[in-house]
Amino acid sequence: MNFLNTTHSAAAANNGMGSMWLLIVIYVAIFGALYFFLIRPNSKKKKEEAALRNSVEIGDEITTIGGIMGRVIAIKEDEDAIIIETGSDRNKMKMKRWCISTVDTEKETPAQAPAKKGMFSGLFKKKDENADK
């Protein structure tokens, strides 16, 4: 009988170890899900906002986090500040760079690559040129 009690207690110990590993796997899965759904997107957003604030140039139209809209007229790198001009009476305001919410000026994009010429692109072009004559 002692033999049966020993095997039964060994099986109970193994069952406890299995449930411990299952618990660890569940915690790792929960942390992984939190990382991919909360932490990672937030850090990406912060990096994009920092890049936006660092790419501001003189003449850009901006909106601050307080809703003030204006045009950047000076950038003070040593103070990490900008000076904007607002309104028709050209009021000037000095603000920290972190207060920029959006840059409303559309930047020029590089010229798009020319379309690839296919085997028949020359034929169609010639046909169109002949139609104009």
Close pairs (6 angstrom Cβ cut-off, 6 or more residues apart or separate chains): assigned to a strand (DSSP E or B) in the stretch 46-64, of a type in the set (S, T, N, Q) and surrounded by 12 or more Cβ atoms within 10 Å (Cβ to Cβ) anywhere: Glu61/Thr105; Thr63/Ser101; Thr63/Thr102; Thr64/Ser101
Boolean, Ile58 is open to solvent by 90 Å² or more (accessible area, probe 1.4 Å) and β-branched (Val, Ile, Thr): yes
Selected residue [in a helix (DSSP H, G or I), of a type in the set (A, V, I, L, M) and either surrounded by 10 or more Cβ atoms within 10 Å (Cβ to Cβ) or at pLDDT below 90 (or both)] from Ile39, Ile84, Ile75: Ile39
Flag for Ala33 being at pLDDT below 95, open to solvent by less than 50 Å² (accessible area, probe 1.4 Å) and either touching a Ser or Thr at 6+ places or on another chain (Cβ under 9 Å) or at negative phi (or both): yes
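The values are calculated or read from the model by the stated rules, or taken from the named source; none is laboratory data. Just so it is clear, the structure is predicted and the values come from calculations on it, not from any experiment. Counting neighbours? That spans all protein chains shown, and the Cβs are built from the backbone with ideal geometry, glycine included. Heavy atoms of the whole protein, side chains included, go into the accessibility calculation; ligands, DNA and RNA do not. Shrake-Rupley method; radii C 1.70, N 1.55, O 1.52, S 1.80 Å.
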